[in-house]
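The values are calculated or read from the model by the stated rules, or taken from the named source; none is laboratory data. Quantities reported herein were computed from a predicted structural model and do not represent experimental measurements. Backbone-built Cβ (ideal geometry, glycine too); neighbour counts: all protein chains shown.
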Amino acid sequence: MSSRQGEVLTIPNAPPSLNPFFSLACESMPTKLYEGKAKILYTTDDPEVLLSYFKDDATAFNAQKRGTITGKGEVNCTITAALLEYLEGQGIPTHYLETVSPTEMRVRAVQIIPLEVVVRNVVAGSLARQTGLPVGQVLSRPLVEFYYKNDDLGDPLLTGDRLQLMELATPEQVSTLQHYALQINQHLTAFFNRCGITLVDFKLEFGLDAQNQIRLADEISPDTCRLWDQGETDPERRVLDKDRFRHDLGQVEAAYETIRARVLQAVTSGAAV
Ligand code: AIR
């Protein structure tokens, strides 16, 4: 196939950092392994390493609402890298290896456990809707919830018995997930407090690496956390996360940018360590 002069050559299914100039140093052609709602995973030369590309695409309510948040890929890649590195430093095993472009990071290949682990410190979202508890009520202790990661079923909340019934993880793995989730909550709550932000709730995903070790995977970003500005009391103005997109509150990009700036400031000032 000949290419016309001036035409940009792109390799279908190759990650953005390799297009339009495909690296000859790369022994095997990277291929798209999995495309999710917010990220794409590509293979690399090393079977134990994948490339995770962060998209600007935004979805909510199990993809019933779709849109784009300009620059989100870059912002979420930066925030995720900073937070996963911070958590590694606190002794939490994660899949993060290194950032290779503004929207791409190398991660350890893990087999994702099909559970969404949600931790809540303050009443909001589905907890408020399903219990009638008032939004903003501080919980006396953090709540850890397990959801079945299955888009066709709408990611249902699992009871303890259903969790056992489904055999999505062994009882030992479930208690490790619970333990990590609470530890991560302590570290992230402290981190965000130093940024003047309340960590209301968040969702985590974990996977098993080649040695069968549980590692924190996926992302930690305003897409997956509820983050409220401690300097604002107004229930709409304080929102600095994906709820701005979900509920059409406007200023979505500005909110994500605020989180990036405060997270980076905390990291560079060393306040987070
Ligand atoms: N979450 C759950 N599924 C996808 C995501 N991102 C996150 C939300 C929120 C927390 O989990 O962003 O931070 C709880 O969500 P909800 O809707 O159950 O209240």
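Quick check, is Asn121 in contact (Cβ under 8 Å) with a residue 24 or more places away in the chain, in contact with a helix residue (DSSP H, G or I) (Cβ under 8 Å, 6 or more places away or on another chain) and closer than 19 Å to Glu35 by Cβ? Give the derivation first.
Values: in contact (Cβ under 8 Å) with a residue 24 or more places away in the chain: yes; in contact with a helix residue (DSSP H, G or I) (Cβ under 8 Å, 6 or more places away or on another chain): yes; closer than 19 Å to Glu35 by Cβ: no.
Answer is no for this residue.
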>> Residues that are at pLDDT 95 or above and under 13 Å from Ser221 (Cβ atoms): does the range 101-116 have at least one?
In response: yes
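Mind telling me which of the residues Leu115, Leu139, Leu97 ends up being away from the ligand (no atom under 16 Å from the Cβ) and touching a strand residue (DSSP E or B) at 6+ places or on another chain (Cβ under 7 Å)? Walk me through it before giving the result.
On the way: Leu115 fails: away from the ligand (no atom under 16 Å from the Cβ); Leu139 fails: away from the ligand (no atom under 16 Å from the Cβ).
So the residue among Leu115, Leu139, Leu97 that is away from the ligand (no atom under 16 Å from the Cβ) and touching a strand residue (DSSP E or B) at 6+ places or on another chain (Cβ under 7 Å) is Leu97.
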> What are the residues in the range 142-157 that are in contact with a helix residue (DSSP H, G or I) (Cβ under 7 Å, 6 or more places away or on another chain) and more than 12 Å from the ligand (Cβ to nearest atom), if any?
Replying inline: Pro142
> Residues of the range 121-166 being farther than 18 Å from Ala181 by Cβ and either acidic (Asp, Glu) or not assigned by TED's automatic domain parsing to the domain that holds Ala190 (or both), which ones?
Replying inline: Asp151, Asp152, Asp161
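Considering only residues that are among the hydroxyl-bearing types (Ser, Thr, Tyr) and closer than 15 Å to Thr59 by Cα, look in the range 206-255 and name the one that is surrounded by the fewest Cβ atoms within 10 Å (Cβ to Cβ).
Taking the range 206-255 first, the residues among the hydroxyl-bearing types (Ser, Thr, Tyr) are 221, 224, 233.
From what is left, the residues that are closer than 15 Å to Thr59 by Cα are 221, 224.
Details: Ser221: 25, Thr224: 21.
Looking at residues that are among the hydroxyl-bearing types (Ser, Thr, Tyr) and closer than 15 Å to Thr59 by Cα, I get Thr224.
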> Which condition number does Ile197 fail, the rest of (1) closer than 26 Å to Ala58 by Cβ; (2) over 17 Å from the mean Cα position of the chain (by Cα); (3) surrounded by fewer than 20 Cβ atoms within 10 Å (Cβ to Cβ) being met?
Replying inline: (3)
